[in-house]
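Student: Please see the structure below; I have some questions.
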Amino acid sequence: MIDVQSVAHLARLALTADEESAFAAQLNSVVQRFSEVEAVDTHGVVPLITPTDMTLVFREDKKQAFQSAEEAMKNAPERSGNLFRVPPVV
Amino acid sequence: MSENILELDLASIVERVKRRELTAEIVATKFKGQIEKHNAHVNAFITVNDNAVERAREMDRKISNGENAGRLAGAPVAIKDMLCTKGLRTTAGSKMLHNFVPTYSATVVERLEAEGAIVMGKANQDEFAMGSSTETSYFGACRNPWNFSYVPGGSSGGSAAAVAARMSVAAIGTDTGGSIRQPANFCHLVGVKPTYGRVSRYGIVAFASSLDQAGPMTRTVRDAALVLEVISGRDERDTTSATKAVPAWGQNLSSNLRGMKVGMPKEYFDRGISDDVRAVVMRSADILKSQGAELVELSLPLTKFAVPIYYLVATCEASSNLARYDGVRYGYRADFSTQAAADLEEFYSRNRGEGFGSEVKRRIVLGTYALSSGYYDAYYKKACQVRRLLRQDFIEAFKKCDVILSPASPTTAFKIGERIDNPLEMYLNDIYTTSANLAGIPGMSVPGGFSREKLPIGVQLLAAHFEEQKMLNAAFAIEENLKLTAEVPHELH
């Protein structure tokens, strides 16, 4: 059984009581479905983490203008000058 | 004017605007009127662009000054709310981003606007593109213009509904496991998921980075090809974008399929597909044959594992991608004025717990679990190994055929509310579409007919990496033979 509460803690995610109980059953059946996959022989198969053959492309390491500090701050929930402000958390 | 502008396809609008037979302003005003008339009920748009008509006027000025107006001059488009639009709210269908206004545009949006397209608004979608019905949107469910009691599909359901309801002539969707092809199928549209890497992901809200691709949703194959040409190509800002040249897909369209081999994998026909869907796919197979193609039998034995692998890979990547939403620099912040957070962890947890909806939370928990210490090898690594085998199967299959023909979904659109309480059943909707994302190959959905209840049924075409032209040609042949592009959703009459 998946311990939903401790996984949610790892993800820093508050769940409602309803979500917690519903997820436990639903996620267990998803994981159960995945157990079918165990039957596939993957001995020596290199995991595929991205689907096309690509080589790492380097670009020149030069600075370029992006956006101003003012623009970067535009969507801040709370700010103090050019600093992001958070409530006291200790 | 006797001609109905709303029924023109994109290619005709652009041609007439460029020839000055029609102004971009008149076109934008017409489509805006349709949004005003229907959007309150259809809910295709989360945010309408109030500057659309003004943009169109600028386009007209450019044209009368003899300037190059671009390949999409005056074409009204809807942009899924996963793509950042500078100065225009971008929510990803989530409370988390309900007030987020990007300071830059996605490369796809920049390219569309540079070629003269007019952004009509931001299309509704499942929250963070997680869903197959556009019912998980924080901004409410979207309706299918072919029957308002039914879902438009998802996650790009708003994009599909906007084009089907003539609120835009084209739309951009994103497809992580079928989210362009399935709603196109449910709404009688052409929807293309390009080869992974064809289209830049820069400025698109990340869901599962190794699966996500943006693509066009239109009423005709030619329109889809034209939009795809504009948005494709290398972008320095996305290292996974391909350096391959972008072909002139639209110009090269041909319904002469002589020499083409069409594979029909038996695993795509063996269970759960409705009689109506089967009949439509078989009719499309007959059309391809009549155009000179040869049908070949095929087997893709790993197909049955595609959905479980997909849900593992997608949720793992999502749990990592969505970790950025912590309520500090942007996005939703919970109210801590009455109840302070005991520590930093609680601060994050409450912001995230209140900002995300249940489907998103379910997937974050699954992905976090599968990536957690002690489980990584059994789940994520195993899924990625089978993923390589599945991709290899497709590479082998495309040595025997040029395109694969299959259903796009097992059934037609379902009723709003019918499946939302059963996430596992909802996931099975993606049974024919997820493989293409896992393998990175291009796929598309093209209208193939209607069910007895007059709900649209599309068929899916798949091709080898970077072979979009082949599937577009097969789709074009189906379209030319069926002549169904002029069908108008009855709810709009």
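The values are calculated or read from the model by the stated rules, or taken from the named source; none is laboratory data. Predicted model only: the values in this text are computed from it and were never measured. As a convention, Cβ positions derive from the backbone with ideal geometry for all residues, glycine included, and neighbour counts pool all protein chains shown. The accessibility values were calculated without ligands, DNA or RNA, using every heavy atom of the protein model including side chains. Shrake-Rupley method; radii C 1.70, N 1.55, O 1.52, S 1.80 Å.
Student: Is it true that some residue in region B:32-48 is modelled with pLDDT of 95 or more and more than 28 Å from B:A92 (Cα to Cα)?
Tutor: No, every residue in region B:32-48 fails to be modelled with pLDDT of 95 or more and more than 28 Å from B:A92 (Cα to Cα).
Student: Cβ-Cβ below 8 Å, separation at least six or inter-chain, first residue in region B:231-244 and at the interface with chain A (Cβ under 8 Å from one of its Cβ atoms), second open to solvent by 100 Å² or more (accessible area, probe 1.4 Å): which pairs?
Tutor: Every condition considered, the pairs that remain are B:E236/A:R59; B:T239/A:L56.
Student: How about region B:112-136: which of its residues are aliphatic (A, V, I, L, M) and open to solvent by less than 10 Å² (accessible area, probe 1.4 Å)?
Tutor: The answer is B:L112, B:A117, B:I118, B:V119, B:M120, B:A123, B:A129, B:M130.
Student: Is it the case that region A:21-37 has a residue that's more than 7 Å from chain B (Cβ to nearest Cβ) and part of a loop (DSSP other than H, G, I, E, B)? Spell out the reasoning first.
Tutor: From region A:21-37, those more than 7 Å from chain B (Cβ to nearest Cβ) are A:21-22, A:24-25, A:28, A:31-32, A:35; that's our starting set.
Add one more test, that the residue is part of a loop (DSSP other than H, G, I, E, B), and what stays is none.
The answer is no; no qualifying residue exists.
Student: Let me ask something else. Does A:A39 meet the test of being out of contact with any Phe, Trp or Tyr (no Cβ under 6 Å at 6 or more places or on another chain), among the hydrophobic types (A, V, I, L, M, F, W, C) and over 30 Å from B:V307 (Cβ atoms)?
Tutor: So A:A39 fails the test.
Student: Right, B:Y375: within 9 Å of chain A (Cβ to nearest Cβ) and over 22 Å from the mean Cα position of the chain (by Cα) or not?
Tutor: Criteria not met by B:Y375.
Yes/no matrix, rows are residues, columns are (1) closer than 19 Å to B:S210 by Cβ; (2) of a type in the set (D, E, K, R); (3) open to solvent by 10 Å² or more (accessible area, probe 1.4 Å):
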{"position": "B:S299", "(1), (2), (3)": "no, no, yes"}
{"position": "B:A306", "(1), (2), (3)": "yes, no, no"}
{"position": "B:R329", "(1), (2), (3)": "no, yes, yes"}
{"position": "B:T338", "(1), (2), (3)": "no, no, yes"}
{"position": "B:G355", "(1), (2), (3)": "no, no, no"}
{"position": "B:I364", "(1), (2), (3)": "yes, no, no"}
{"position": "B:Y379", "(1), (2), (3)": "yes, no, yes"}
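Student: Here's another thing I want to ask about it. When you go through B:S149, B:S179, B:S156 one by one, which is the residue that is in contact (Cβ under 8 Å) with a residue 12 or more places away in the chain and more than 30 Å from B:V365 (Cβ to Cβ)?
Tutor: B:S149
Student: Right, something else. Go through region B:401-431 and count every residue that is open to solvent by 10 Å² or more (accessible area, probe 1.4 Å) and assigned to a loop (DSSP other than H, G, I, E, B).
Tutor: Number satisfying all stated conditions: 12.
Student: Would you point out which residue out of B:V101, B:V109 is away from every other protein chain (no Cβ under 14 Å) and modelled with pLDDT of 95 or more? Quick ask: steps written out before the conclusion?
Tutor: Details: B:V101 fails: away from every other protein chain (no Cβ under 14 Å).
Exactly one of B:V101, B:V109 is away from every other protein chain (no Cβ under 14 Å) and modelled with pLDDT of 95 or more, namely B:V109.
Student: From the list A:A14, A:A76, A:A8, which one is facing chain B (nearest Cβ under 7 Å), surrounded by 15 or more Cβ atoms within 10 Å (Cβ to Cβ) and over 20 Å from the mean Cα position of the chain (by Cα)?
Tutor: A:A76
Student: Can you find even one residue in region A:21-43 that is of a type in the set (K, R) and at pLDDT 90 or above?
Tutor: No; the residues of region A:21-43 include none that is of a type in the set (K, R) and at pLDDT 90 or above.
Student: A further question follows. What do you reckon, is A:E70 more than 9 Å from chain B (Cβ to nearest Cβ), in a helix (DSSP H, G or I), over 25 Å from the mean Cα position of the chain (by Cα) and within 30 Å of B:E236 (Cβ to Cβ)?
Tutor: yes
Listed here are the residues, each with its yes/no results for (1) without any contact (Cβ under 8 Å) to a residue 12 or more places away in the chain; (2) surrounded by fewer than 22 Cβ atoms within 10 Å (Cβ to Cβ); (3) within 7 Å of another protein chain (Cβ to nearest Cβ).
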residue	(1), (2), (3)
B:C316	no, no, no
B:A341	yes, yes, yes
B:E345	yes, yes, yes
B:R352	no, no, yes
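Student: When the residues of region B:296-313 are narrowed to those that are in contact (Cβ under 8 Å) with a residue 40 or more places away in the chain and farther than 27 Å from B:Y379 by Cβ, which ends up nearest to the other protein chains (Cβ to nearest Cβ)?
Tutor: Residue satisfying both the conditions and the ranking: B:L298.
Student: Contact list please: Cβ distance under 7 Å, first residue in region B:369-383 and assigned to a helix (DSSP H, G or I), second residue hydroxyl-bearing (S, T, Y), pairs at least six apart or on different chains.
Tutor: Hits for this filter: B:Y369/B:Y375; B:A370/B:T315; B:A370/B:Y379; B:A370/B:Y380; B:L371/B:S319; B:L371/B:Y380; B:K382/A:T42.
Student: Take A:A24 and decide whether it is aliphatic (A, V, I, L, M), open to solvent by 50 Å² or more (accessible area, probe 1.4 Å) and closer than 30 Å to B:G331 by Cα.
Tutor: no
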